[in-house]
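Engineer: After the structure tokens below, expect a handful of questions from me.
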Amino acid sequence: MRVLVLGGDGYLGWPTAMHLSARGHEVMAVDNYLRRNLARETDCEILFETPNLHQRARLWHQHAGREIAVRLGDLAEWPFIASVFEEFRPEAIVHYAEQPSAPYSMLDRSAAELTLKNNLGVTFNVIQAMSELAADAHLVKLGTMGEYGTPNIDIEEGWLTVEHKGRSQKFLYPRAAGSLYHTTKVLDTDLLWFYVRVWGLRVTDLMQGPVYGLETEENAGIEALYPCFAYDELFGTVLNRFIVQAVAGYPLTVYGKGGQTRGYLNLKDTLQCIRLSIDSPAAPGELRIFNQFVETFSVNDLAEKVRASGARLGLDVRIGRLANPRKEMEEHYYNPAHTGLLELGLEPHPLTDEVLDGMVALVQRYSNRIVPDRIFRGVAWRK
Ligand code: USQ
């Protein structure tokens, strides 16, 4: 299949491009380096050297004998996205092309505006480009488990049937996001649902939890093909951050009471979920929603696991307790359904001791690159 990977330079985008290419899809990766530029502007550079997309595509070709086409430009600009769709005529589109950080979206007014305009603007343009130039293509859109928030009832997979005064109707499950970033994903879902209803688009919206990990089948042992692994407060996800903190001897930055529970998954499982979604597309006029995670953990669970892993590897890991810079529930009920992707064939990689020790040991090899100043700044959810 011809698969467009939008946001193909990112933590998930580049591994996805390689994974789909390795499985015989014709892949074009598109990016405008927004994520790289924001990291540079905010002094949040990542742990590994990541060559630019053209260089990585060349390395991939040398390594795997397969081509990944690369286009650089801003998908929020109509002439650019239209030229990409006209040239490539995608059969599937994987849409990661969004500002992905909750703390960045809460940094200040201009960061919030960038997040809102970029995320909604790109999703809108993707919808328009599909309708005009790739009407039968299937969109695989990355949403987030954070769209649901932490309600005091079970979270269903995207939809909820409501009984009211003797009648019933299926609605999008209620959303209550905890940051502006997460709210843009709620707005994306609403936009997609509208155009699915009126134009019959085919869409899979993946409600993904925080991802951890580094190595995949395609990049194992090749640093230049590693994803952009962030450990700073703005762009790093919590487990990746804790691993780096453990190696740096920095007390683990548990926010508040640490009972915040989320659904986590290994980067390898993100790749499987995307591939499985592409291989069995949504029908025309269907908004299919999957909850994309493998296991739930609280922040305290993760901190304990990293402390134990450190002990096995000779590191003395301390757990710190910080006043929570975010506005979120620190003790709450959390029971989300996640059967859809398992039914499609997902074979989960759980967070075993061996997997965690492997990640810690890998980061230990690069410990001299860690800049402790990047670990915590306290970007607060204030008014
Ligand atoms: N947390 C800490 N200490 C830290 C960092 C985070 O206690 O040093 C806590 C946060 O307060 C939160 C939880 O860990 O309760 C997860 O935080 P995170 O930074 O790993 O995840 P989040 O900001 O929600 O965003 C990440 C990705 C985002 C994705 C989302 C999935 O950056 O792109 O959509 O995970 S989810 O969390 O399910 O919404």
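This table checks each residue for (1) of a type outside the set (V, I, T); (2) more than 16 Å from the ligand (Cβ to nearest atom); (3) on the phi < 0 side of the Ramachandran plot; (4) at pLDDT below 95.
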{"position": "M329", "(1), (2), (3), (4)": "yes, no, yes, no"}
{"position": "H332", "(1), (2), (3), (4)": "yes, no, yes, no"}
{"position": "A337", "(1), (2), (3), (4)": "yes, no, yes, no"}
{"position": "L344", "(1), (2), (3), (4)": "yes, yes, yes, no"}
{"position": "P350", "(1), (2), (3), (4)": "yes, yes, yes, no"}
{"position": "V355", "(1), (2), (3), (4)": "no, yes, yes, no"}
{"position": "M359", "(1), (2), (3), (4)": "yes, no, yes, no"}
{"position": "L362", "(1), (2), (3), (4)": "yes, yes, yes, no"}
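Engineer: Which residues, taken from segment 268-293, are over 22 Å from V196 (Cα atoms) and in contact with a Phe, Trp or Tyr (Cβ under 7 Å, 6 or more places away or on another chain)?
Structural biologist: Within segment 268-293, just F293 meets the criteria.
Engineer: Select from segment 93-114 the residues that are part of a helix (DSSP H, G or I) and within 11 Å of the ligand (Cβ to nearest atom) and list them in ascending order.
Structural biologist: Selection gives A102, P103, Y104, S105.
Engineer: Still on this structure, please answer the following. Kindly list the number of the only condition in (1) closer than 23 Å to G213 by Cα; (2) exposed (fewer than 14 other Cβ atoms within 10 Å of the Cβ); (3) at pLDDT 95 or above that fails for V306.
Structural biologist: Every listed condition holds for V306 apart from (2).
Engineer: Output the number of residues of segment 57-112 satisfying the condition of being small (G, A, S) and open to solvent by 50 Å² or more (accessible area, probe 1.4 Å).
Structural biologist: Qualifying residue count, segment 57-112: 3.
Engineer: Could you list, in sequence order, all residues of segment 197-208 that are open to solvent by less than 10 Å² (accessible area, probe 1.4 Å) and closer than 21 Å to M145 by Cα?
Structural biologist: V203, T204, D205, L206, M207
Engineer: Just name the residue that is farthest from Y148 (Cα to Cα) out of those in segment 218-262 that are touching a Pro at 6+ places or on another chain (Cβ under 8 Å), in a loop (DSSP other than H, G, I, E, B) and within 12 Å of the ligand (Cβ to nearest atom).
Structural biologist: Of everything passing the filter in segment 218-262, Y250 is farthest from Y148 (Cα to Cα).
Engineer: Right, another one. Tell me which strands (runs of 3 or more DSSP E) are completely within segment 115-175 and hold 1 or more residues being buried (at least 21 other Cβ atoms within 10 Å of the Cβ), or say none if there are none.
Structural biologist: Here the list reads 138-144.
Engineer: Just a yes or no: is a residue in segment 121-141 under 18 Å from the mean Cα position of the chain (by Cα), more than 22 Å from G200 (Cα to Cα) and within 15 Å of the ligand (Cβ to nearest atom)?
Structural biologist: no
Engineer: Further, regarding this structure: Take P348 and tell me if it is part of a loop (DSSP other than H, G, I, E, B) and touching a His at 6+ places or on another chain (Cβ under 8 Å).
Structural biologist: Considered against the rule, which asks whether it is part of a loop (DSSP other than H, G, I, E, B) and touching a His at 6+ places or on another chain (Cβ under 8 Å), P348 comes out as no.
The values are calculated or read from the model by the stated rules, or taken from the named source; none is laboratory data. Here the structure is a predicted model, which means the values were calculated and not measured. As a convention, Cβ positions derive from the backbone with ideal geometry for all residues, glycine included, and neighbour counts pool all protein chains shown. Please note that ligands, DNA and RNA were not included when accessible areas were found on the heavy atoms of the full protein model with its side chains. Shrake-Rupley method; radii C 1.70, N 1.55, O 1.52, S 1.80 Å.
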